[in-house]
Amino acid sequence: MVKDIGNSIKQRKFKNGLEKAYINLFYTTNHFRDLHQTVFSKRGILGQHYNVLRIARGQYPDPVSPGYIKEVMLDKGSDVTRLVDKLVLLGFVERSVNGLNKRKLDIKITERGLTETNLIEQEMVVIHENRNNLSEDELELLSGLLDKLRG
């Protein structure tokens, strides 16, 4: 049985529907972040690292710049330099100076990074499928409503 947000956080009243929706959104975001972290922690990374890996994989075999990563990241407050440093340390990405512009860095996912990203994605699919109580139409509606809420 699905637990209402009010029951989940033991709050009976909300000021209005907007407050209830935002609290529910934050609660749900944290719920999925925690579920995903069980997958990431096995590899010593965070969700932001996975986001960088997906971005780099999306451009593979071409490299990406830190600026491009920052532009398309889900978490705009992330420190891209630190995230990339950790991924380099783990052997998931390589960083090099751009051949045409010495002031630019190129970030390229490695074979190991591709393998790990694909394994993480497989685990995520299982998590999401096991928690999906919504139809395709409901998922599209939810996505559209979230887009609308962001303006």
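The values are calculated or read from the model by the stated rules, or taken from the named source; none is laboratory data. Small disclaimer: the values here were computed from a predicted structure and weren't measured. Quick reminder, even Gly has a Cβ in these numbers, built from the backbone with ideal geometry, and neighbours come from all protein chains shown. In case anyone asks, the SASA skips ligands and DNA or RNA and just uses the protein heavy atoms, side chains included. Shrake-Rupley method; radii C 1.70, N 1.55, O 1.52, S 1.80 Å.
Couple of notes before you dig in:
- The set of residues in the range 36-50 being assigned to a helix (DSSP H, G or I) and in contact (Cβ under 8 Å) with a residue 60 or more places away in the chain consists of HIS36, VAL39, PHE40, TYR50.
- The residue pairs whose first member lies in the range 59-81 and is over 23 Å from LYS102 (Cβ atoms) and at pLDDT below 95, whose second member is among the basic types (Lys, Arg) and in a helix (DSSP H, G or I), and whose beta carbons are closer than 9 Å, counting only pairs six or more residues apart or on different chains, are LYS76/LYS70; SER78/LYS70.
- Within the range 134-144, being surrounded by 11 or more Cβ atoms within 10 Å (Cβ to Cβ) and part of a helix (DSSP H, G or I) holds for GLU138, LEU139, GLU140, LEU141, LEU142.
- Filter pass, MET1 being under 16 Å from the mean Cα position of the chain (by Cα) and either at pLDDT 95 or above or open to solvent by 70 Å² or more (accessible area, probe 1.4 Å) (or both): no
- Pair list, Cβ under 9 Å, 6 or more apart: the range 122-151 residue of a type outside the set (A, V, I, L, M), other residue open to solvent by 100 Å² or more (accessible area, probe 1.4 Å): GLU123/LYS42; ASN133/VAL2
- Within the set ARG33, ARG12, the sole residue that is farther than 25 Å from ASN101 by Cα, not hydrophobic (A, V, I, L, M, F, W, C) and not in a loop (DSSP other than H, G, I, E, B) turns out to be ARG33.
- Tally of residues being more than 19 Å from ARG43 (Cα to Cα) and surrounded by fewer than 16 Cβ atoms within 10 Å (Cβ to Cβ) across the range 82-125: 10
- Counting the residues of the range 44-70 that are within 10 Å of the chain's Cα centre (by Cα) and of a type in the set (D, E, K, R) gives 1.
- Condition met for LEU74 (surrounded by fewer than 16 Cβ atoms within 10 Å (Cβ to Cβ) and out of contact with any Gly (no Cβ under 7 Å at 6 or more places or on another chain)): yes
Condition check ((1) at pLDDT below 95; (2) over 15 Å from the mean Cα position of the chain (by Cα)) across all residues:
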position	(1), (2)
LEU83	no, no
GLY99	yes, yes
LYS104	yes, yes
ILE109	no, yes
GLY113	no, yes
ILE127	yes, no
ASN130	yes, yes
LEU141	no, yes
